[in-house]
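Structure first, commentary second.
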Amino acid sequence: MKEIKGFSYHKLGRRFVCKYKDGAWEKGKLTRRANVVLNESACVLQYAQTCFEGLKAYRTEDGHVVCFRPDLNETRLADSCRRMRMPTLPEGMFLDAVKRVVLANEKHIPDAASGGSLYLRPYVFGTNAVIGVKPASEFQFRVFATPVGSYFHGGVSPLRIRISDFDRAAPHGTGHIKAGLNYAMSLYAITDAHEKGYDENLYLDAATRTYLEETGGANVIFITKDNTLVTPKSDSILPSITRRSLLYVAEHYLGMKTEERKIALSEIGEFTECGLCGTAAVISPVGTIDDHGREVHYAMDDFENTVIAKLYHTLLDIQHGKIEAPEGWIVKIK
């Protein structure tokens, strides 16, 4: 296939769709139809009753097609569905749908050497018409795929981010699940950040505005002077699969110490490195955090000589089968 650059949507030939009606999920099937037809008063349109996941399929150097820790995406989607008052999927449906979509679009998976992958987007949403504020009673579960290139095609540029004056999630709210509404709430703030020359917003806890949480689409990690990986702990941030994997890689592959704890805003100047982690980029290096004019800089220009680069390459090598993965991390599709 031709080289894919960047992270964007490309319409492919097959996607999975399954409907829920009268208290039960149907069997589900692959379809060529990319468009979704809904009533004008569908619950997803009126009250944003939807949640989603994101994971990737890779080609390994020995020619296999694999997915990285899809069981964690399945568990997180179920948690999101319960919180959004949507029915969870029958056992086995998530992984079966992922496998079917990957195999149906196999020719679009980039080669291992390219650094690209097949990005998969499973999602669930309320479809029947409602006008009073209440959950839907009919739903769809769908999975589509799109090939994506290496996030750092053309080189690594450290990000410039700011401490946001907006709140991403409230205590006891929905910040810990992958609900579409969480991302909708960040759109104004991210557009404003881009207009002012920043790449992202780093949000604080809404209750006290003194502790770091996450950005609009990624968790944040720091490296200390004594080579410890530190990441925020909060009940209102998304439990990132990439972050969880990086904590394990840091400890068991690189021999680092790790800490998942509350991180005060006042601490940002005490760290030597900073990065944003998530499915799309694995880790994006952060060069500057601007706290209302007080800038904290991290020496990330020479990316390949950073601890974060070691974490990035080690996890990427695990995903692409270059080094042995912990048991259960890699699921072979073909």
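The values are calculated or read from the model by the stated rules, or taken from the named source; none is laboratory data. Keep in mind the model is a prediction, meaning the values are calculated, not measured. So basically every Cβ, Gly included, is an ideal-geometry build from the backbone, and we count neighbours across all protein chains shown. Keep in mind that these areas ignore ligands, DNA and RNA; they rest on the heavy atoms of the full protein, side chains included. Shrake-Rupley method; radii C 1.70, N 1.55, O 1.52, S 1.80 Å.
Some observations on this one:
- Candidate set from the stretch 159-184 (those that are in contact with a Phe, Trp or Tyr (Cβ under 8 Å, 6 or more places away or on another chain) and not in a strand (DSSP E or B)); member that is nearest to Asp291 (Cα to Cα): Ser164
- Residues (within 16 Å of Tyr203 (Cα to Cα) and part of a strand (DSSP E or B)) located in the stretch 215-246: Thr215, Asn219, Val220, Ile221, Phe222, Thr231, Pro232
- Subset of the stretch 94-119 (residues that are assigned to a helix (DSSP H, G or I) and open to solvent by less than 10 Å² (accessible area, probe 1.4 Å)): Phe94, Ala97, Val98, Val101, Val102
- Subset of the stretch 24-57 that is in contact (Cβ under 8 Å) with a residue 60 or more places away in the chain and of a type in the set (Gly, Ala, Ser) - its residue that is nearest to Glu91 (Cα to Cα): Gly28
- Residues that are of a type in the set (Gly, Ala, Ser) and open to solvent by 10 Å² or more (accessible area, probe 1.4 Å), drawn from the stretch 298-334: Ala299, Gly321, Ala325, Gly328
- Look at the stretch 171-183: where a residue is over 17 Å from Ile241 (Cβ atoms) and a partner is open to solvent by 10 Å² or more (accessible area, probe 1.4 Å) and among the charged types (D, E, K, R), sitting 6+ places away or on another chain with Cβ atoms under 7 Å, you get Thr174/Arg83.
Okay, residues lined up against (1) assigned to a strand (DSSP E or B); (2) open to solvent by less than 30 Å² (accessible area, probe 1.4 Å); (3) closer than 30 Å to Ala325 by Cβ:
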{"site": "Tyr248", "(1), (2), (3)": "no, no, yes"}
{"site": "Leu254", "(1), (2), (3)": "no, no, yes"}
{"site": "Ser266", "(1), (2), (3)": "no, no, no"}
{"site": "Gly269", "(1), (2), (3)": "no, no, no"}
{"site": "Cys274", "(1), (2), (3)": "yes, yes, yes"}
{"site": "Cys277", "(1), (2), (3)": "yes, yes, yes"}
{"site": "Ser284", "(1), (2), (3)": "yes, yes, yes"}
{"site": "Val296", "(1), (2), (3)": "yes, yes, no"}
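- The criterion of at least 3 residues that are open to solvent by less than 40 Å² (accessible area, probe 1.4 Å) is met, among strands (runs of 3 or more DSSP E) falling completely within the stretch 1-93, by 15-21, 50-52, 55-59, 65-68.
- Test: residue in the stretch 197-207 that is closer than 19 Å to Glu295 by Cα, open to solvent by 20 Å² or more (accessible area, probe 1.4 Å), free of Cβ contacts under 8 Å to residues at least 24 places away in the same chain and more than 20 Å from the chain's Cα centre (by Cα): no
- Some residue of the stretch 122-142 being under 30 Å from Ala309 (Cα atoms) and outside any loop (DSSP other than H, G, I, E, B): yes
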